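The values are calculated or read from the model by the stated rules, or taken from the named source; none is laboratory data. Remember, it's a predicted structure, so these values are computed and weren't measured experimentally. Heads up, the Cβs are rebuilt from the backbone with ideal geometry, glycines too, and the neighbour counts pull from every protein chain shown. Areas reflect the complete protein model, heavy atoms only, side chains present, ligands, DNA and RNA absent. Shrake-Rupley method; radii C 1.70, N 1.55, O 1.52, S 1.80 Å.
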Amino acid sequence: MRSVSIHCTSCGKAHKLDEAIFRCDLCNEPLEIEEISNGRINKGNILTQTIWERYEDFYPFLDKNNRFTLGEGFTPLIEMKDLAYSIGISGLYMKNETQNPTWSFKDRGTAVGIMDAKRLGYKRIGTVSTGNMATSVAAYGAAAGMETFVFVSKDISEEKINPIAMYNPHLIKVEGNYGELYFESLKIGKENNIYFINSDVPMRVEGSKTIAYEICEQLNFQMPDYVIVPTSAGGNIRGIEKGFREFKSCGLIDNVPKIICAQSLGCSPIYNAYYNNSDAITRVEKPHTIAHAIENPYPPSGNQVLRLLKNNGGIATAVTDEEILKAQALMAKEGILGQPASSVPLAAIIKLKEEGFLKGNEKVVCIVTGSGLKYTASFAMHQLYSAECELNELSDYIKENY
Ligand SMILES: *Cc1c(COP(=O)(O)O)cnc(C)c1O
Ligand SMILES: [Zn+2]
């Protein structure tokens, strides 16, 4: 293990990594671990290697004798030639994060969070979430033998709470302002020795770097023009951007792709600020979108995502629920069933092409963040059809109808 520095993303104040700290004690903006500028890939057999072994150089702060994994990462990057052709761009790729242990990218950050919690001697972990992060932390906490606390909002649906409950964490429905709970949990964690692996904590951001590393390898280090990330709290987009930046610092790639932050118009605090040329987000009142997984009205890393876009040269955009559902159906036609939030990048590409932002000669990667089976309620919003037929008439039926 090597010690690394951690600093505030806004005021730059240095903090110490030898305790569970998540936000700046001066300005309350998110913290970030220093950029790793010296590292290489441990080439090996990915059937026997974990992502933490392969990218070990980029995690000098983790104890390699105390790794924990459920086999997250090494997800496919699928080229979608027909879809690229019909949209009118030169390359379209989908990073299929539905193929993680709990069916979303969240597992990458959860693994790092668990390893960090263990390093610091914690026996208890927790999270504030009603969706993929709750499932992920519950699963990893159970497997790692940690006492696991999951705070959900009181009105959570059966479909969402049941998979979390299956992993048997301390599951608490919390009454009151759920939006405040993220910030409140940091205090609750301190008072009760619980390490909170919330949406944008530094270790979760570190976990998401591996998405960028894998894309670099899968594209043979030839960078796409854009990587589009459906964004809520902002942890994932921060990790992906940092991953590319680190590979460039290490000389593994020549240039970094531009990052596009994609949101739903029903809850788009980052896009709103970007559009208004503001460097601070404002809370969205009454958010409402089919893309539940990205419905955070006041993202804790929102301001940092704005800073990141500025430095990276990327943009923010937002799409309607109707566009999201259309994109979800288009992806299913290509064999990938993402949840509505995961269909936002494709919807954004179609919109950006129609608006002329994309000219047609670009290569673009979409991050398909989570599985369509996580939110079956969205199926009712599609016109789904099936026929009926008696067995003895089936052959004739096919001849007559197809
Ligand atoms: C968590 C999540 C996101 C948003 O990621 P952030 O790190 O909160 O920005 C997007 N899509 C899915 C499916 C998610 O579960
Ligand atoms: Zn600060």
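When region 230-271 is examined, which residues are found to be more than 24 Å from residue 347 (Cα to Cα) and among the β-branched types (Val, Ile, Thr)? Selection gives 253 alone.
Considering the conditions (1) touching a residue at least 60 places away in the same chain (Cβ under 8 Å); (2) in contact with a helix residue (DSSP H, G or I) (Cβ under 8 Å, 6 or more places away or on another chain), residue 46 is excluded by exactly one of them, (1). In summary, residue 324 fulfils each of the numbered conditions (1) closer than 25 Å to residue 198 by Cα; (2) buried (at least 21 other Cβ atoms within 10 Å of the Cβ) with the single exception of condition (1). Of the residues making up region 161-204, those that are on the phi > 0 side of the Ramachandran plot and either of a type in the set (S, T, N, Q) or surrounded by 18 or more Cβ atoms within 10 Å (Cβ to Cβ) (or both) number 2.
Yes or no, residue by residue, for (1) among the hydrophobic types (A, V, I, L, M, F, W, C); (2) over 23 Å from the mean Cα position of the chain (by Cα); (3) within 18 Å of residue 211 (Cα to Cα); (4) more than 16 Å from ligand 1 (Cβ to nearest atom):
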site: 19; (1), (2), (3), (4): no, yes, no, yes
site: 43; (1), (2), (3), (4): no, yes, yes, yes
site: 50; (1), (2), (3), (4): no, no, yes, yes
site: 55; (1), (2), (3), (4): no, no, yes, yes
site: 93; (1), (2), (3), (4): no, no, yes, yes
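Selection over region 375-398 of residues that are open to solvent by 40 Å² or more (accessible area, probe 1.4 Å) and in a helix (DSSP H, G or I) gives a count of 13. Among the residues making up region 1-17, those that are away from ligand 1 (no atom under 16 Å from the Cβ) and closer than 19 Å to residue 209 by Cα are 1, 2, 3, 4, 5, 6, 7, 8, 17.
Every listed requirement among (1) away from ligand 1 (no atom under 12 Å from the Cβ); (2) in contact with a Leu (Cβ under 9 Å, 6 or more places away or on another chain) is met by residue 287 save one, (2).
Taking the criterion of being open to solvent by less than 10 Å² (accessible area, probe 1.4 Å) and more than 10 Å from ligand 1 (Cβ to nearest atom), the residues of region 208-239 that qualify are 209, 210, 211, 212, 213, 214, 215, 216, 224, 227, 228.
Listed here are the residues, each with its yes/no results for (1) in contact with a Pro (Cβ under 8 Å, 6 or more places away or on another chain); (2) more than 21 Å from residue 301 (Cβ to Cβ); (3) not basic (Lys, Arg).
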residue	(1), (2), (3)
4	yes, no, yes
9	yes, no, yes
15	no, no, yes
22	yes, no, yes
37	no, yes, yes
40	no, yes, no
44	no, yes, yes
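Residue 86 satisfies every condition listed in (1) on the phi > 0 side of the Ramachandran plot; (2) exposed (fewer than 15 other Cβ atoms within 10 Å of the Cβ) except (1). Residues in region 346-374 that are of a type in the set (Asp, Glu) and either assigned to a loop (DSSP other than H, G, I, E, B) or under 16 Å from the mean Cα position of the chain (by Cα) (or both): 355, 362. In region 277-297, the residues that are within 24 Å of residue 308 (Cα to Cα) reach residues that are basic (Lys, Arg) with C-beta atoms within less than 8 angstrom, at least six apart or across chains, in these pairs: 279/307; 293/374; 297/283. Remark: pairs (first residue in region 356-372, without any contact (Cβ under 8 Å) to a residue 24 or more places away in the chain and hydroxyl-bearing (Ser, Thr, Tyr); second residue open to solvent by less than 10 Å² (accessible area, probe 1.4 Å) and away from ligand 2 (no atom under 16 Å from the Cβ); Cβ separation under 9 Å; 6+ apart in sequence or on different chains) are absent.
Rundown of residues vs (1) touching a Lys or Arg at 6+ places or on another chain (Cβ under 9 Å); (2) assigned to a loop (DSSP other than H, G, I, E, B); (3) under 25 Å from residue 130 (Cα atoms); (4) open to solvent by 50 Å² or more (accessible area, probe 1.4 Å), yes/no style:
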residue	(1), (2), (3), (4)
254	yes, yes, no, yes
277	no, yes, no, yes
281	no, yes, yes, no
303	no, no, yes, no
308	yes, no, no, no
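Residue-level analysis places residue 63 among those that are over 17 Å from the mean Cα position of the chain (by Cα) and open to solvent by 30 Å² or more (accessible area, probe 1.4 Å). Go through (1) within 30 Å of residue 357 (Cβ to Cβ); (2) modelled with pLDDT under 95 for residue 105 and report which single condition fails. (2) is the only condition that residue 105 fails. Among the residues of region 190-210, those identified as assigned to a loop (DSSP other than H, G, I, E, B) and more than 16 Å from ligand 2 (Cβ to nearest atom) are 193, 194, 197, 198, 199. Looking at residue 139, is it buried (at least 22 other Cβ atoms within 10 Å of the Cβ) and out of contact with any helix residue (DSSP H, G or I) (no Cβ under 7 Å at 6 or more places or on another chain)? Spelling it out, residue 139 is indeed buried (at least 22 other Cβ atoms within 10 Å of the Cβ) and out of contact with any helix residue (DSSP H, G or I) (no Cβ under 7 Å at 6 or more places or on another chain).
May I ask you to verify whether residue 26 is in contact with a Lys or Arg (Cβ under 6 Å, 6 or more places away or on another chain), on the phi < 0 side of the Ramachandran plot and surrounded by fewer than 13 Cβ atoms within 10 Å (Cβ to Cβ)? Yes; evaluated as a whole, the condition is true for this residue.
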